[in-house]
Amino acid sequence: MAMLNTSYMGLQLKNPIIAGASDLTATVDSAKRLEDAGAAAIATKSLFEEQIQLEQFLFDEDEEKYNYRHPDMITVFPDLGQASPVEHLARVQKIKETVGIPVIASLNAVNPGTWLDYARQLEQTGVDALECNLFASPKHPEESGESVETAQVALVRELKQAVSIPVSLKLSFFYTNPLHTIRLMAEAGADAFVLFNRLFEPDLDIIQEASTFPFNLSHANDYRLPLRYAGLLEGAVRADVCCSTGIFSGETIVKMLLAGAAAVQTVSAVYRHGADRIAEMLRDVEAWMDDKNYGSVADFRGKLSKRHSSDPWAYTRAQYARLLMNPDEIVNNFPTI
């Protein structure tokens with residue numbers, strides 16, 4: 001029987017599937033269901049600094065709401081909520097204490113000081129690793145891409161000095177040259193990279209003429225972008241690669257491993273099909289390995305990366321040019337118009 005275990009930033013996983021950060025990993029009960037379904041690790045729902053900032057703003061607003069009311073009011077005590085990470089940290093700690101698989105705390109902060117403060121607090125919950133969501137929303141046309149990347153690389157270096165647990169970086173694709181930026185971040189100490197973050201994408205309702213906020217689940221073919229970069233990065237940086245986005249089947253997981261990924265993260269597949277989809281994907285990976293006579297993931301991981309591929313153009317734009325020069329390859333894959 002095939003052995004599915006793998007190593008991801010020093011963590012020994014029983015298989016390559018990590019349940020990605022989302023509402024599905026926000027509670028002890030849901031985390032336990034994912035573990036029972038076969039997930040090898042869990043990335044907890046992200047701690048968002050911006051959410052805490054909003055809560056603090058509402059907290060301050062409520063605190064002053066009754067400053068100018070009369071003393072004969074029914075109540076002068078505002079309904080105050082929680083404007084700190086304490087509740088989130090308690091949930092993360094409880095998840096870590098309950099499940100028997102590695103727990104990765106996800107963090108999405110804004111200010112350098114807060115990144116370090118929250119990273120230290122999350123480490124104190126006992127989690128096995130930290131996943132940092134690095135995304136800089138463009139705000140000023142004067143700000144260059146180089147300045148953003150330089151600041152992020154410096155932050156990675158400070159994070160590695162601030163905590164002793166492994167640190168992975170969940171990145172967006174929007175760098176001028178993601179390969180170069182990833183290399184610099186790896187040199188700064190990053191232990192792994194999660195490719196890529198599923199970003200918020202607003203939409204407009206043309207009937208109501210209003211903004212809408214759709215839930216942006218990924219689709220099965222979305223795996224191709226992280227697949228490409230997993231293949232390009234294998235052996236090129238001293239850090240692991242975890243592929244996210246479009247992880248819906250065992251076949252896709254096999255492709256990611258062949259490209260060189262150490263693990264994958266799945267979220268949308270569980271939202272669409274339930275936690276049992278994890279067990280189904282694992283069975284498919286195992287069946288493929290048995291059919292190919294692979295005894296372990298290590299036997300084939302990276303076999304089709306750029307470094308090991310017999311096709312030097314497999315991960316480059318030249319592959320597109322080759323298709324243009326051979327239009328029959330395109331036409332034969334589609335019905336006659």
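Data for the structure
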| read-out | value |
| --- | --- |
| Using distinct alpha-carbon pairs, which all enter the 1/r mean, Kirkwood radius of the range 175-288 in Å | 15.5 Å |
| Gained length - Ser84 relative to Asn293, 0.36 nm times residue gap less alpha-carbon distance | 70.0 nm |
| Cα gyration tensor, the range 138-193 - rounded (a/c under 1.5), prolate or oblate | prolate |
| Cut-off under 5 Å, modelled amide H: who pairs with Lys170 long-range | Cys132, Asn133, Leu134, Val194 |
| Label point distance in nm, Ile206-Asn5, each placed 7 Å from Cα along Cα→Cβ | 5.6 nm |
| Given Lys170/Lys303; Lys255/Lys306; Lys45/Lys94, the pairs whose alpha carbons are separated by over 20 Å | Lys170/Lys303 |
| The range 247-292: mean projected area of Cα convex hull, nm² | 3.0 nm² |
| Rg(Cα) / (2.2 N^0.38 Å) computed for the range 173-234, rounded to two decimals | 1.53 |
| Percent accessible area from carbon and sulfur atoms, the range 229-310, protein chains only, probe 1.4 Å | 42 percent |
| Projected label distance in nm at Ser164 and Ser147, using a 7 Å step from Cα toward the beta-carbon | 3.8 nm |
| Full-stretch length increase - Phe300, Arg224 - with 0.36 nm per residue and alpha-carbon distance subtracted | 25.5 nm |
| Rounded percent of accessible protein surface that carbon and sulfur make up, the range 125-212, 1.4 Å probe | 54 percent |
| Residues with amide H under 5 Å from that of Ser296, placed H, sequence gap 5 or more | Met3 |
| Amide H within-cut-off set for Ala26, under 5 Å, with H built and near neighbours excluded | Lys45 |
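The values are calculated or read from the model by the stated rules, or taken from the named source; none is laboratory data. Quick caveat, the model's predicted, so the values are computed rather than measured. Ideal geometry is used to build each Cβ from the backbone, glycine not excepted, and the neighbour counts take in all protein chains shown. SASA here: full protein model, heavy atoms, side chains in, ligands and nucleic acids out. Shrake-Rupley method; radii C 1.70, N 1.55, O 1.52, S 1.80 Å.
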